[in-house]
Structures are given as C-alpha cells and as structure tokens.
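Read-outs throughout are calculated quantities, based only on the coordinates presented, and are distinct from any laboratory measurement. Keep in mind the model is a prediction, meaning the values are calculated, not measured. For neighbour counting, all protein chains shown are included, and Cβ atoms are generated from backbone atoms with ideal geometry for every residue, glycine included.
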Amino acid sequence: MIKLVVGLGNPGTQYKSTRHNLGYLVIDKLLLLRKKKDFSSQILLIKPTTYINTSGYFIKKLLNKNKILPEEMLVACDDFSLPMGKVRYREKGSSGGHNGLKSIISELNTELFARVRLGIGPVPAGTDPKNFVLSGFHSDELNILDKMLEEAVGLIVKELKS
C-alpha cells in the first residue's frame, strides 16, 4: 500500500516550468484531486526542497521519521530516455540513469519502491542532457504534456486506491 508519493523537481522559480520539474507538477495535480476527496488524506504528497540529484538524503529522513518503508513509496519523475508523452510505471527497478533516482537508491540501499516516469525525450542531437532537462517545454509540446500529466496522475490515483 502506498503511503507516500514524492514528486522530484528542483526548488526555485527558475526551475518551475522546466522538464526536470514534472514530479512537482504531478504532486500539484494530486493535491487538487485530494481536495476533492479522490483519495485518502492520510497519504503524504511531498515535493522535496532539495535539488533532484541530492533528494535521497531528504527522502531517507522522511521515511524514517514517518516510519514508512521504501516499498510504501511512489516517486514521480521526468525521464529523457522515454519519448515525450510516454508514461511508465514500475514497482521497482534501477535508476535508468536518472540522478534523482540514483540518489534515492543510494541512500535507501534498495530499488524496491514504485516509480512513475514521464517521458520528455529524446534529447536533441548535440544538446547537453543537463541543459535539456533544465529547459522549458515548447508550445507544440503543451498538449502532450497535459495528456501525459493526466495519465500519470490517473495511474497514481489508481495505485493509491488499491
């Protein structure tokens, strides 16, 4: 049973609308649904205020403080290995090269937590992946983004109700 949903992103207004902040956008949408009582208010919805690449330390402390096991957590994050608009759910697995997931796996010493990855790829040829994930969405991607967020949130709500 999921007790905690973590949306990965970077704090600060300069990152608010970037590809790397999809996890934060998922949490914002879940908060709106919770106000409508679409799922239990007992479930923690968290947007860490640490940078993505160091989020594991914060999450470890949060799990310990709230006596939540890693397998009772779901993490939402961007993924440039997936095509723009693709949503992938896994109950466990590797980081897939995502530095935020690497940090969490390293701190918790386990891959046994669920994750929803939201596709933002591919990285354009000749573009540094770091610059790509910290860039905003193009106007022609906004409809895809909205649909992807709705799919991800629907999937998470389904998991929260099961």
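In region 120-162, what count of residues is obtained for those that are outside any helix (DSSP H, G or I), at negative phi and surrounded by fewer than 20 Cβ atoms within 10 Å (Cβ to Cβ)?
Taking region 120-162 as the starting set, the residues that turn out to be outside any helix (DSSP H, G or I) are 120-128, 134-138, 162.
Filter once more, keeping what is at negative phi: 120-125, 127-128, 134-138, 162.
Then keep just the ones that are surrounded by fewer than 20 Cβ atoms within 10 Å (Cβ to Cβ); that gives 121-125, 127-128, 134-138, 162.
Selection size over region 120-162: 13.
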Among the residues of region 1-28, how many are assigned to a helix (DSSP H, G or I) and either closer than 25 Å to LYS92 by Cα or among the charged types (D, E, K, R) (or both)?
-> 10
GLY23: more than 18 Å from GLY154 (Cβ to Cβ) and in contact (Cβ under 8 Å) with a residue 12 or more places away in the chain, yes or no?
-> no
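Quickly run through region 1-20 and pick out the residues that are more than 23 Å from LEU63 (Cβ to Cβ) and either charged (D, E, K, R) or in contact (Cβ under 8 Å) with a residue 40 or more places away in the chain (or both).
Answer for region 1-20, where residues must be more than 23 Å from LEU63 (Cβ to Cβ) and either charged (D, E, K, R) or in contact (Cβ under 8 Å) with a residue 40 or more places away in the chain (or both): TYR15, LYS16, SER17, THR18, ARG19.
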Candidates LEU31, LEU45, LEU74, filtered to the one that is assigned to a strand (DSSP E or B), more than 30 Å from ASP128 (Cβ to Cβ) and either acidic (Asp, Glu) or under 15 Å from the mean Cα position of the chain (by Cα) (or both) = LEU45
Which of the residues belonging to region 48-61 are surrounded by fewer than 17 Cβ atoms within 10 Å (Cβ to Cβ) and in a helix (DSSP H, G or I)?
-> ASN53, THR54, TYR57, LYS61
So SER41, is it without any contact (Cβ under 8 Å) to a residue 12 or more places away in the chain and out of contact with any Cys (no Cβ under 7 Å at 6 or more places or on another chain) = yes
Does region 94-110 include one or more residues that are part of a loop (DSSP other than H, G, I, E, B) and closer than 18 Å to GLU159 by Cβ?
-> no
